[in-house]
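Trainee: Questions regarding the structure given below will be posed in turn.
The values are calculated or read from the model by the stated rules, or taken from the named source; none is laboratory data. What you see is a predicted model, and the numbers here were worked out from it, not measured in a lab. Heads up, the Cβs are rebuilt from the backbone with ideal geometry, glycines too, and the neighbour counts pull from every protein chain shown.
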Amino acid sequence: MGNGTTRFIHSNSDELLISASLTETGKRAIEKTPDEFMSDVREKYRAWDSNRIDEGTQEEVIDIEESEEAIRQVNYVEAKEIAWTEIEEDLSKMNEYNFQDLVAELLSAMGYYVRHVVPPGPDGGIDILAYKDPLGSSGSRIIVQVKHGQEKTNQNLIKQLIATLHKHDDIGLFVSFSGFTSKALMEVRHSTKHVDTMDLERLMNLWISNYPKISEKGKSLLPLVPVYLLAPSVK
């Protein structure tokens with residue numbers, strides 16, 4: 001067969017048009033009898049169709065797996081948000097002195113020795129006084145101001161805390177349920193005194209990480225139960 005020619009192969013009910021430009025495989029194919037050729041064609045078609053179905057099935061499996069992963073991610077995020085919302089609501093209903101006691105319990109669990117927690121009434125700018133050792137004979141004093149309310153702590157309240165830091169190594173800590181204004185945080189950054197802040201998120205992260213060391217009295221203020229979820233895949 002020369003280039004540009006065409007050859008027809010006939011079977012009982014099948015007719016195939018074969019290109020004249022044949023490869024070695026093509027040459028071997030036309031040397032077969034019509035029945036052998038059609039049998040070979042049907043076998044190759046079934047193999048191709050089977051592979052096509054497997055690939056489609058694989059794509060469906062991948063889609064299902066991705067859907068399950070998406071659902072797992074949503075469930076994980078929703079569970080965390082629900083838990084956080086319930087904790088926040090519980091703390092918002094807590095009176096200011098119980099919230100103050102909760103901060104004192106956290107400091108104790110973190111290894112500080114709480115010397116004084118102010119009783120209800122005027123506090124003189126100091127709600128909690130803590131030390132790094134039982135006698136307060138070494139290290140810095142931790143002077144804590146606690147604010148439990150719906151308004152963010154402002155710059156003036158930070159200045160009031162700074163004014164209580166009389167010793168050169170005093171450390172001021174302001175704990176605010178509703179966080180801090182930008183000017184308040186700027187005041188902290190520019191202060192020549194050692195001042196730190198703790199908003200609700202930081203308070204809860206420390207409470208959770210130190211929970212095994214918190215006293216039973218402290219746990220009664222904010223009892224938590226660990227719940228284990230199937231974490232989403234990390235990609």
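Residue by residue, here is whether (1) in contact with a helix residue (DSSP H, G or I) (Cβ under 9 Å, 6 or more places away or on another chain); (2) under 20 Å from Y97 (Cα atoms); (3) not small (G, A, S) holds:
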site	(1), (2), (3)
D170	no, no, yes
L173	yes, yes, yes
A184	yes, no, no
L200	yes, yes, yes
L222	yes, yes, yes
V227	yes, no, yes
L230	yes, no, yes
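Trainee: Do the conditions hold for K167, that is, is it under 22 Å from Y113 (Cα atoms) and either surrounded by fewer than 16 Cβ atoms within 10 Å (Cβ to Cβ) or modelled with pLDDT under 95 (or both)?
Mentor: Yes: the conditions hold for K167.
Trainee: Please specify each residue of the stretch 127-147 satisfying the condition of being in contact with a Leu (Cβ under 8 Å, 6 or more places away or on another chain) and under 16 Å from F180 (Cβ atoms).
Mentor: Correct list: V144, Q145, K147.
Trainee: Oh, and also: Looking only at residues that are of a type in the set (S, T, N, Q) and at pLDDT 95 or above in the stretch 144-159, which one is surrounded by the fewest Cβ atoms within 10 Å (Cβ to Cβ)?
Mentor: Filtering the stretch 144-159 for residues that are of a type in the set (S, T, N, Q) and at pLDDT 95 or above, the one surrounded by the fewest Cβ atoms within 10 Å (Cβ to Cβ) comes out as N156.
This table checks each residue for (1) among the small types (G, A, S); (2) more than 25 Å from K93 (Cβ to Cβ).
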{"position": "G136", "(1), (2)": "yes, yes"}
{"position": "I143", "(1), (2)": "no, yes"}
{"position": "Q150", "(1), (2)": "no, no"}
{"position": "L157", "(1), (2)": "no, no"}
{"position": "K167", "(1), (2)": "no, yes"}
{"position": "T192", "(1), (2)": "no, yes"}
{"position": "T197", "(1), (2)": "no, no"}
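Trainee: Is there any pair linking a residue in the stretch 86-110 that is among the hydroxyl-bearing types (S, T, Y) to one that is part of a helix (DSSP H, G or I) and at pLDDT 95 or above, with Cβ under 8 Å and at least six apart or on different chains, and which?
Mentor: Correct list of pairs: S108/G218.
Trainee: Still on this structure, please answer the following. Please pick out the residue among Q160, Q150 that is touching a Gly at 6+ places or on another chain (Cβ under 7 Å) and either assigned to a strand (DSSP E or B) or under 29 Å from G121 (Cβ atoms) (or both).
Mentor: Q160
Trainee: Another question, then. Picking from S191, S176, S182, which residue would you name as being more than 23 Å from the chain's Cα centre (by Cα) and closer than 19 Å to D127 by Cα?
Mentor: Exactly one residue qualifies, and that residue is S176.
Trainee: While we're here: Output the number of residues of the stretch 199-212 satisfying the condition of being of a type outside the set (S, T, Y), loosely packed, with under 13 Cβ neighbours inside 10 Å and over 16 Å from L91 (Cα atoms).
Mentor: 1
Trainee: Being touching a residue at least 24 places away in the same chain (Cβ under 8 Å), of a type outside the set (S, T, Y) and within 21 Å of L107 (Cα to Cα) is the requirement here; does L206 meet it?
Mentor: Yes.
Trainee: How many of the residues making up the stretch 75-134 are at pLDDT below 90, in a helix (DSSP H, G or I) and acidic (D, E)?
Mentor: 2
Trainee: Continuing with the same structure: Can you tell me which condition R189 does not meet? The list is (1) over 30 Å from L224 (Cβ atoms); (2) touching a strand residue (DSSP E or B) at 6+ places or on another chain (Cβ under 7 Å); (3) part of a helix (DSSP H, G or I), and all the others hold.
Mentor: So R189 meets the others, but not (2).
Trainee: Output yes when any residue across the stretch 131-141 is in contact (Cβ under 8 Å) with a residue 40 or more places away in the chain and within 23 Å of T192 (Cβ to Cβ), and no when none is.
Mentor: Checked the stretch 131-141: at least one residue is in contact (Cβ under 8 Å) with a residue 40 or more places away in the chain and within 23 Å of T192 (Cβ to Cβ).
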